[in-house]
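Undergrad: Quick one: structure below, then a few questions.
The values are calculated or read from the model by the stated rules, or taken from the named source; none is laboratory data. On a predicted model such as this, the values are computed, not experimentally measured, just so you know. Cβ atoms come from the backbone with ideal geometry, glycine included; neighbour counts cover every protein chain shown. Each accessible area value is taken on the protein alone, full model and side chains, heavy atoms only, with ligands, DNA and RNA left out. Shrake-Rupley method; radii C 1.70, N 1.55, O 1.52, S 1.80 Å.
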Amino acid sequence: MNTTLRQSRDVHAADGAVASDCSCQTASGDIWSSPVRISVVIPVFNEEAVIRATYERLTAVMQSVGVRYELIFVNDGSSDASASMIVDLAKGDQAVKLLNFSRNFGHQIAISAGMDHAMGDAVIVIDADLQDPPELIPDMIKRWEEGFDVVYAKRVLRHGETWFKRFTAAAFYRALRALTEIDIPVDTGDFRLIDRKVCDVLRMLPEHSRFVRGLVAWSGFRQCAIEYVRQPRFAGETKYPLKRMLRLAFDAITSFSEKPLRWTLYAGLITFGLSVCALIAFLIAPIFTHRWSVVALVLASGGLLNSMVLVGLGIVGQYLGRLYDEARGRPLYILDHTKS
């Protein structure tokens, strides 16, 4: 970007808020009269301890970029002072916007709501806890300007987390990759930049149990990674305890994999084969032993009947998988561009 920028910050004595970018100028004039170039979506849930620091770091980074931007804070039913703090910030900074949920709808829904209301040519998703450094944003924008439609941040180290959290996270991403037929990058969260056309595709998807990073990967646009070291939380407590992690994992697997439905069918076929072998062994055993084994007959017959039940359930599961695929309403294909 070759745009020049002059920035000033006016202090509003009335409420102590900082009015940033009020006199930002570019070579072509006031950036606030131009369309929004970058939208930053920040899901918030009980983050009053970090709101001010998050705002200041994001503002400093976005001012250095030199284009019009917006900071969309999505308050996901916080019970603390998060919403009121964001309202105060918005009074002094026209870049700040607040989407205030009536209750807690969940992190992935908050991200989706932010994308629905974003006006920028690119949308950046970042959590409010400052574990993902805002200072990576200029590099993301640079890669986007080079032609990538999705630029995601990949963690190479995770500081401030227990061994259990690191182990379960690593296991989840690798299990998800093994189960799904799309390439969902491992060791990545929702911290990423997506182009407007990718955002528009995600907005068209009607499903409620959303796994946003999976949907971004499913869309199939050109992607690249930026590696970074994840820092401990700036303040406050994690909003993803084990219960929420398990729910996210369940949503991810059921949204992008039908393999668990096939396991019943596979188990039934294997059991059927073993039962047939056992019956054959039962029939020919008297030739060598000169006696019949009632136990062997019962076990082989029971296994055969159970295998038939499992195969039937597996077939039903395949039909359910097809119905679920239709119910999700995802488009058959996505066009990147056309040329005639």
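Undergrad: Roughly how many nanometres apart are two label points built 7 Å out from the Cα toward the Cβ at HIS208 and VAL309?
TA: Label at HIS208, label at VAL309, 3.2 nm between them.
Undergrad: Next up: Which cross-chain or sequence-distant (5 or more) residues have an amide H under 5 Å from the amide H of GLY66, H modelled 1.01 Å from N in plane?
TA: Answer set, sorted by chain and number: none.
Undergrad: How much accessible area per residue does region 26-93 have, counting only protein heavy atoms and a probe of 1.4 Å, in square angstrom?
TA: Roughly 33 Å² per residue, with all protein chains present.
Undergrad: At 1.4 Å probe size, put PHE211, PHE164 in order of accessible surface, largest to smallest.
TA: Order by accessible area, largest first: PHE164, PHE211.
Undergrad: Further, regarding this structure: Per 0.36 nm of contour for each residue apart, how much would the distance between GLU181 and ALA281 grow if the chain were fully extended, relative to their Cα-Cα spacing?
TA: Gain on extension, GLU181 to ALA281, equals 32.0 nm.
Undergrad: Just the Kirkwood number for region 56-183, please: inverse of mean 1/r across all distinct Cα pairs, in Å, one decimal.
TA: 17.0 Å
Undergrad: Using each residue's phi in region 105-114, evaluate 6.51 cos²θ - 1.76 cosθ + 1.60 at θ = phi - 60° and report the 3J(HN,Hα) Karplus result to the nearest Hz, with x for Gly and Pro.
TA: 9, x, 4, 5, 5, 4, 4, 4, 4, x
Undergrad: Long-range amide H contacts for GLY120: which residues qualify at under 5 Å (H placed 1.01 Å from N, peptide plane, sequence gap of 5 or more or a different chain)?
TA: Amide H neighbours of GLY120: SER39.
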